[in-house]
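To start, the structure under review is shown below, and the notes come after it.
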Amino acid sequence: MAVKPQAPEEGVGAVDRALSVLFAFEAGEEALPLAELARRTGLYKSTLLRLIASLERARMLLRDGEAARWRLGPALMVLGLRAEPAPLRVVVPPALRRLADETGENASFYVRQGEARLCLLREEGRHAVRDRLVPGSLLPLDRGAAGHVLREAPEGVVVSLGERDPEMAAVAAAVRGAGGALLGALCLSGTVTRLQDPARRAPMEAALLREAAALRRTLGG
């Protein structure tokens, strides 16, 4: 069973109840219906729905399609990365800054979250026209270079032109750790106009592969 936080002797009841909703999820569970959340937390469904609405606004919970089911949201992963002194939090941001400075394009690090990809870390490029994303954004796994990397884990680079947005393009490479495990995808994104020319894209691809290889060595791959 999930380990639930013990309520302090003095605290805010609504916060304690909201935390009980988050800790109701067991490891590996994709989504839970309202009835099961009510059973696990002991909360009335009306109270539970109000708490869920607040947690959804903070992206700590996400509704699973049209069904009355919820799963843990990307904000929790972002917070966990900030709180945990993990190697990724230390070594990936400098790599993203180098990529953005060198290429002028947006540099991002994506991880897989279920059937989506989560923008975990981001460094903005210097071009005025670029895609606007913030860490914590969820994007499709079946469209975009980073999505293909996270689904297929290929060697080398993956290029996408106008897949997610007709005007945007991206190039991505896998980041691996110990034993070759896929940790995430390094990605450079910009306009189709800038990235469609192979000759112009070649230095970006080389920079991505260089940083991905350096991260692999640092992370024990």
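Computing volume of the Cα convex hull per residue in Å³ directly from the structure and comparing it against [x] 143; [y] 181; [z] 120 singles out [x]. The calculated 222 nm mean residue ellipticity attributable to helices in the chain amounts to -12500 deg cm²/dmol, summing -39500 (n - 2.57) over DSSP H runs of n ≥ 4 and dividing by all residues. The protection proxy used here, the mean number of other Cβ atoms lying within 10 Å of each residue, ranks peptides 72-78, 49-55 as follows, highest first: 72-78, 49-55. Taking amide H atoms as placed 1.01 Å from N in the peptide plane, the amide H of Asn106 lies under 5 Å from those of Gly125, Ser189, each 5 or more residues away in sequence or on another chain. At a probe radius of 1.4 angstrom, the accessible area of the chain per residue rounds to 52 square angstrom. FRET efficiency for the pair Tyr44 and Ala67, taken as 1/(1 + (r/R0)^6) with r the Cβ-Cβ distance and R0 = 25 Å, rounds to 0.75. Charges were assigned to the Cβ only: +1 to each Lys and Arg, -1 to each Asp and Glu. The resulting dipole of the chain about its Cα centre is roughly 200 debye.
Taken one residue at a time, the phi angles of region 192-203 give Karplus couplings (6.51, -1.76, 1.60, θ = phi - 60°) of 4, 4, 7, 9, 6, 7, x, 5, 6, 7, 4, x Hz. Gly and Pro are set to x. Along region 122-137 the Karplus relation, 6.51 cos²θ - 1.76 cosθ + 1.60 evaluated at θ = phi - 60°, assigns HN-Hα couplings of 8, 10, 6, x, 9, 6, 5, 9, 7, 6, 9, 9, 10, x, x, 6 Hz to successive residues, with x for each Gly and Pro.
Expressed per residue, the C-alpha convex hull volume of region 161-206 stands at 71 Å³. When +1 charges are put on Lys and Arg Cβ atoms and -1 charges on Asp and Glu Cβ atoms, the dipole computed for region 133-204 relative to its Cα centre reaches about 140 debye. For Met168, the residues whose amide H sits under 5 Å from its own are Gly162, Val192, ignoring neighbours fewer than 5 places away on the same chain, with H placed 1.01 Å from N. Summarising the amide proton neighbourhood of Gly184: residues at separation of 5 or more, or on other chains, whose placed amide H is nearer than 5 Å comprise Val175. Here the gap between Arg57 and Ala206, fully extended at 0.36 nm per residue and compared with their Cα-Cα distance, gives a gain of 49.7 nm.
Expressed as a whole percent, the accessible area of the chain that falls on carbon and sulfur atoms is 54 (1.4 Å probe).
Relative intensity of region 137-187 on a log10 scale, I(q)/I(0) at q = 0.26 Å⁻¹, equals -0.94, per a Debye sum over C-alpha point scatterers of equal strength in the absence of solvent. With all pairs of different C-alpha atoms in the average, the Kirkwood value for the hydrodynamic radius of region 101-221 is 14.0 Å.
The values are calculated or read from the model by the stated rules, or taken from the named source; none is laboratory data. On a predicted model such as this, the values are computed, not experimentally measured, just so you know. Every residue, glycine among them, receives a Cβ derived from its backbone with ideal geometry; neighbour counts consider all protein chains shown. Protein only, heavy atoms only, side chains kept; ligands, DNA and RNA dropped before computing areas. Shrake-Rupley method; radii C 1.70, N 1.55, O 1.52, S 1.80 Å.
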